[in-house]
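Following: one structure in structure tokens, then a few remarks.
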Amino acid sequence: MLGDTKASNPVKTSRRDLGYVISNQLNGGTTVCGTILVADQVGIPVFATGGIGGVHRGVEKTFDISADLVELGKCGVAVISSGVKSILDIPKTLEYLETQGVFVATFGDNNEFPAFYSRKSGTKSPYFVDSAEKAAQIIKSAMDMSLKSGMLFAVPIPEEHALPYEMMDKVIEQALKSMDPLMEGKQVTPYLLSQVAKLTGGKSLESNIALIKNNAMVAADIAVELAKLRQSGRREVSNMDKSVARRLEGGAVEGQPKGGPVIIGGSNLDCNAMLAAKNIEVSDTALLD
């Protein structure tokens, strides 16, 4: 249903909307928040998107903060995106992600955080990761420790599709000025993105499509490497199980001496006693039956 272009009046579906949309059998398109929630529940550890939501510009007046950030702090899913949507306040978004305990890294050879349509934002990521293998190792370690908080890998848009940051910043400011001050909630982001597309003559839309395709390829590479690590981990556990079985059967692992069993744990033993004597003396006091 999410891919049905003929569906009428689809609902922008976040965590709060899922119950309503499903119970009323409506058509919905999941936000990053909604997708993270579903992915976590069905065991999908990695997914790609264009850009996540975040802290809106002028948040001190509107308190408009995307539920994407909160959901990333709740679910152990790795999101591969080109950072946050360009219409947002990037420094405040990264600050909020830190508060939520979300791991953030730029996918590249430096820690410059991308600005969606642009490769540079002037803001730094806490870390950078230069290969799918290293990204997968980070995800695997977080899974092994049951951290249960998400990860954001910010992938810069390919150079040939990037737009100048200074130009895009001016375009976004112009789009913000054109917005109805009474507009709020789900209407804000779609309006601003459509205005940006108009003001750039469609160039922002072309860049958006290109970065989504690139993010999907990066996410696929990371997912493959993660699957290899998880499969290798299962083989190690299986080999360890066989080693334990041989020990229990009296055999010894090659190169190691035989030894007695080691029991870790405890047991309880209840004791019941009945007194044979009718009189018991304790010090100078006699206890009678």
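Bear in mind these aren't lab numbers, they're just calculated from the coordinates by the rules spelled out. In this text the structure is predicted, and so the values were computed from the model without any measurement. Neighbour counts are summed over all protein chains in view; Cβ atoms, including those assigned to glycine, are modelled from backbone coordinates with ideal geometry.
Numbers for the structure displayed
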item	result
Value of D in µm² per second that Stokes-Einstein yields for the range 45-234, Kirkwood Rh from Cα pairs, at 10 °C (1.306 mPa s)	94
Whole-Hz ³J(HN,Hα) from phi, Karplus 6.51 cos²θ - 1.76 cosθ + 1.60, for the range 154-168, glycine and proline x	8, 9, x, 4, x, 3, 5, 10, 6, 10, x, 5, 4, 5, 5
Contour excess over end-to-end distance, with Cα ends at Leu182 and Met274 and 0.36 nm allotted per residue	24.7 nm
Packing-based order for 139-150, 47-58, using average beta carbon neighbours within 10 Å, highest first	47-58, 139-150
Per-peptide average of other Cβ atoms within 10 Å, ordering 13-22, 107-116, 84-93, 170-179 highest first	84-93, 107-116, 13-22, 170-179
Length-normalised contact order of the range 89-178 in % [C-alpha pairs under 8 Å, at least 6 apart]	34
Value of relative contact order over the range 45-234, rounded to a whole percent, pairs C-alpha under 8 Å and six or more apart	26
Sorted peptide list for 128-134, 183-189, criterion being average Cβ within 10 angstrom, highest first	128-134, 183-189
Amide hydrogen neighbours beyond the local backbone of Ser118, cut-off 5 Å, H modeled	Leu163
Local electrostatic count, Gly54, Cβ distance below 13 Å [Lys/Arg +1, Asp/Glu -1]	-3
Residues with amide H under 5 Å from that of Arg57, placed H, sequence gap 5 or more	Asp89
Listed residue (Val77, Val171, Leu193) projecting farthest to the positive dipole end of the range 45-234, Cβ model	Val77
Listed residue (Ser8, Ile65, Thr35) projecting farthest to the positive dipole end of the range 1-84, Cβ model	Ser8
Distance (nanometres) between label positions extended 7 Å along Cα→Cβ at Thr99 and Tyr127	2.3
Net charge of neighbours whose Cβ lies under 12 Å from the Cβ of Ser131, counting Lys and Arg as +1 and Asp and Glu as -1	-4
Restraint check, Lys124/Lys148; Lys85/Lys203; Lys120/Lys140, Cα-Cα greater than 22 Å	Lys124/Lys148; Lys120/Lys140
Footprinting exposure proxy for Leu211, Leu163, Leu72 (fewest neighbouring C-beta atoms within 10 Å first)	Leu163, Leu211, Leu72
Given charges at beta-carbon only (K, R positive; D, E negative), |dipole| of the range 45-234 in Debye	340
Nonlocal amide H pairs with Val11, under 5 Å, H built at 1.01 Å	Asn27, Gly28, Gly29
